[in-house]
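Trainee: Take a look at the following structure, please.
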């Protein structure tokens, strides 16, 4: 399979991941549990995010800089950490650590994507909003955390959907 087709299909994965992430942002307001179905949904989203990241990185391969590369690697590692079934390693919560690593990776990826100028500026702007709001909510805790994660999830999902749509639509032209 040609590299361009793989990148294009990874763009589709980003679209689906983004849409599902936006929808999942509403779950805390409509569901009281964290049952197995919700865990399966988030696992599917995270796997699609991995493929979406590959597409976002591959689509910008002509103008890769240190921010795109560092952001891509960091976001991939963070996503892998939250997919792992192990909750704690010693006293380290892998999910929280993975989420923090993803935030750093997405911030770096957003800066590099903005600088590369290949994708529209909306996707990286939304990733930056997602990171800042998510970290702010984490620091505040309580109800602020719930609403911050809601806004951060929607921003992250919309950014992925926009990037994926652009990759999918331009995928046969690069």
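Trainee: Which numbered condition trips up residue 76, out of (1) free of Cβ contacts under 8 Å to residues at least 40 places away in the same chain; (2) closer than 23 Å to residue 136 by Cα; (3) surrounded by fewer than 18 Cβ atoms within 10 Å (Cβ to Cβ)?
Mentor: If we test residue 76 against (1) free of Cβ contacts under 8 Å to residues at least 40 places away in the same chain; (2) closer than 23 Å to residue 136 by Cα; (3) surrounded by fewer than 18 Cβ atoms within 10 Å (Cβ to Cβ), just (3) comes out false.
Trainee: Name the one entry in 59, 69, 51, 29 that is in contact with a helix residue (DSSP H, G or I) (Cβ under 9 Å, 6 or more places away or on another chain) and at pLDDT below 85. Walk me through it before giving the result.
Mentor: Details: 59 fails: at pLDDT below 85; 69 fails: at pLDDT below 85; 51 fails: at pLDDT below 85.
One residue alone meets the criteria, 29.
The values are calculated or read from the model by the stated rules, or taken from the named source; none is laboratory data. A quick note: this is a predicted structure, and the numbers were derived from the prediction, not measured. Every residue, glycine among them, receives a Cβ derived from its backbone with ideal geometry; neighbour counts consider all protein chains shown.
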